[in-house]
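Here the structure comes first, spelled out in structure tokens, and everything after it is commentary.
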Amino acid sequence: MTDIFLYTTPVDPRAQPLVEALTYEYETRYGTYWGEPASTEMTRYPAELFAPPHGAFLLLLRDGVAIAGGAFKRYDEQTAELKRVWTHVDLRRQGLARKVLDELEPQAARQGYTKLYLTTGFRQPEAANLYLNSGYTALFDTTVDPETYRTLPFEKDISALALRLQAEDAVNRKVG
């Protein structure tokens, strides 16, 4: 059993389980709550937004099969927006989403971002807990019923990580 990260695109056939599972999850949790089918969210952004130099899309593969994944796209000049963080339903509560975050955060820093932003839905408490337990700041009052907000925004300052990675790159260039 070998797990590897693969940077790719949302149109990669290996990403289909992620896209299909997220669509199903949004459909079962929200239905048409947002006034449109869940599939609309999954096709809202063109694949190019998740490609370098401003974005990234990755899959965590186990023996060649996608078991988790995530992406980011440019939100503004300093901020990347995390999207599509997902774990296969049969493999949840094993730290895979945290692994995805641990891979995406330094990648965003390497690509020049100093802040991360994301939103998750109010019917995804496990996602909200993941972000709160991973150093993200809730941009809403966590003591209020989340349905009041509908979408739950979070942010994380990664400027220190970006500086550290830049310093490491400078050292590696001198040594290499």
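Read-outs: derived from the displayed coordinates by stated rules, not from any lab. It should be emphasised that the depicted structure is a prediction, and the values quoted were computed from it without experimental measurement. Don't worry about glycine lacking a Cβ; one is built from the backbone with ideal geometry, like all the others, and counts go over all protein chains shown.
Summary table
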read-out: Efficiency of FRET from Cβ geometry, Q166 and T32, R₀ 35 Å, rounded to 0.05; value: 0.15
read-out: Extended-chain gain in nm, criterion 0.36 nm per residue less alpha-carbon gap, R110 and F140; value: 8.0 nm
read-out: Between 0 and 90°, nearest 10: helix 96-110 axis offset from the chain longest Cα axis; value: 50
read-out: Relative contact order of the chain, defined on C-alpha pairs under 8 angstrom at six or more residues apart (%); value: 18
read-out: Point-charge dipole on Cβ atoms (K/R +1, D/E -1) for region 3-175, about Cα centre, debye to 20; value: 380
read-out: Extension gain, V89 back to R150 (0.36 nm per residue minus Cα-Cα distance, nm); value: 19.7 nm
read-out: Length added when fully stretched, R62-Y45, from 0.36 nm per residue minus Cα-Cα; value: 3.5 nm
read-out: Packing-based order for 41-47, 5-11, 167-173, 84-90, using average beta carbon neighbours within 10 Å, highest first; value: 84-90, 5-11, 41-47, 167-173
